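The structure appears below as structure tokens.
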Amino acid sequence: MAALLSMLLVGVALVQLGMHPSAATMDEDIELIWGASHTYFFMDGETESLALSLDDQQGSCFRSKAMFLYGTISMEIKLVEGNSAGVVATAYTISEGPWSYHDEIDLEFLGNETGQPITLHTNIFVNGVGGREQQFYLPFDPTADYHTYTIEWNPKYILIRVDGKAVRAFKNYEEYGVAFPTWQQQRLYGSLWDADEWATQGGRVKTDWSEAPFVAYYRNYTFAWCQPSPGVSWCGAEPRNSSRFDLDQRTLDELRSASDQHKVYDYCTDHKRYDGSEFPKECSLQRQGL
């Protein structure tokens with residue numbers, strides 16, 4: 001802990017001086033939004049990394065400088081070690097319009113007591129409406145090493161991948177009256193914050209501030225624009241009947257495996273939540289295989 005505190009203080013000093021311990025790469029692609037005194041860039045071997053920290057005074061957050069409409073974003077993340085109950089690390093995309101009709105694709109990592117599984121909480125907002133949560137236990141210790149988390153967004157699907165394997169797909173059902181993010185550009189954000197009112201076992205386990213500072217590490221941020229079919233100007237102009245973004249058998253198998261082995265919550269099967277009311281329309285469309 002003493003070494004970590006020393007490292008944090010060095011990083012804080014460099015940030016306050018407008019300097020970084022290494023030449024910028026990821027540093028050039030992202031900017032700090034809040035908690036600059038709780039963040040620092042450093043070299044992890046030969047790779048530039050960013051540390052976000054949280055204590056009882058403040059958390060920290062960054063965002064990409066670039067905005068995009070359709071593309072693939074990946075980032076390697078190493079989550080908070082030890083007792084991280086109440087602590088949430090995130091990697092999400094969000095549009096910049098008014099909150100009442102914003103779009104958002106969420107990856108939130110819900111901390112837990114030492115030795116207990118960390119939950120990947122996913123959600124999708126379209127035109128200001130969310131409530132599309134799915135949660136997965138990660139089949140490895142995400143605090144022991146970096147793992148790659150990816151958001152693929154094209155006109156037909158939003159895909160979430162972990163270490164290259166698909167765990168969730170949200171299909172575009174606009175032709176059936178279901179909203180899908182198709183017109184608002186988004187940025188990538190990453191943050192570390194305290195959410196002990198809900199994050200761990202429904203808020204029953206609170207943040208232990210004697211364990212602070214909590215630190216999560218981010219590196220190898222990449223973005224690639226969506227590639228349309230040959231002869232199509234951009235992904236938004238892809239013909240509706242195109243098979244360009246159809247899911248291949250490998251991806252379908254990965255999604256089935258993630259659902260069977262790692263999924264712990266799905267809004268489309270929460271009968272208590274929708275007791276006496278209809279499930280969202282996309283849930284019935286998925287069950288029909290459309």
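Every read-out reported here was derived from the displayed coordinates using simple, explicitly stated rules and does not represent laboratory data. These figures come from a predicted structure and were not determined experimentally. Cβ sites come from the backbone with ideal geometry, for glycine too, and all protein chains shown count toward neighbours.
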Lys, Arg +1 and Asp, Glu -1 on Cβ, resulting dipole of region 2-287 about Cα centre, debye, nearest 20: 760
Under the rule that a partner needs its Cβ under 4.7 Å from the first Cβ, which Cys of the chain have none? Cys61
Could the peptides 212-218, 140-146, 95-101 be put in order, highest first, of the mean number of other beta-carbon atoms found within 10 Å of their residues? 212-218, 140-146, 95-101
Quick one: Cα centre-to-centre distance for region 200-254 and region 127-162, in angstrom? 5
What is the diffusion coefficient of region 199-288 in µm²/s, taking the Kirkwood radius over Cα pairs and the Stokes-Einstein relation at 37 °C with a viscosity of 0.692 mPa s? 176
If you average 1/r over all unlike Cα pairs in the chain and invert the result, what Kirkwood radius do you get in angstrom? 20.1
Dipole of the chain, positive end: most advanced residue of Gly82, Tyr101, Thr47 [Cβ charges, Cα centre]: Tyr101
With 19 Å as the cut-off, how large is the P(r) tail for region 35-96, expressed as percent of Cα-Cα pairs? 44
At most 15 other Cβ atoms within 10 Å and a DSSP loop assignment: could you name the trypsin sites (Lys or Arg not before Pro) in region 204-290 that fit? Arg204, Lys206, Arg240, Lys272, Arg273
Relative to the longest principal Cα axis of the chain, at what angle does helix 249-261 sit, 0 to 90 degrees, rounded to 10? 60
Which length gain, in nm to one decimal place, applies between Asp248 and Thr182 when the Cα-Cα distance is subtracted from 0.36 nm times their residue separation? 21.5 nm
Can you tell me the 0 to 90 degree angle between the C-alpha axis of helix 2-16 and the longest principal axis of the chain, rounded to 10? 80
Residue order, fewest to most beta carbons within 10 Å, for His121, His271, His262, His38: His271, His262, His121, His38
Which aspartates and glutamates, on any chain, are close to Lys272 with Cα under 16 Å apart, when same-chain ones fewer than 8 places away are left out? Glu133
How long is the gain from Asp141 to Ala66 if the chain were fully straight, where each residue apart is worth 0.36 nm and the alpha carbon distance is subtracted? 23.9 nm
Radius of gyration and Dmax over the Cα atoms of region 90-242, both given in Å: 17.3, 59
What order do you get for Lys156, Lys65 when you list them from fewest to most C-beta neighbours inside 10 Å? Lys65, Lys156
Under 22 Å from Lys171, Cα to Cα: lysines that are on another chain or at least 8 residues apart: Lys156, Lys263, Lys281
Ranking Gln58, Gln135, Leu255 by how far each Cα lies towards the positive end of the charge dipole of region 2-287 (+1 on Lys and Arg Cβ, -1 on Asp and Glu Cβ), the top one is Leu255
What do you get for GluC sites (Glu not before Pro) in region 241-290 restricted to DSSP loop and a cutoff of at most 15 other Cβ within 10 Å of the site's Cβ? Glu278
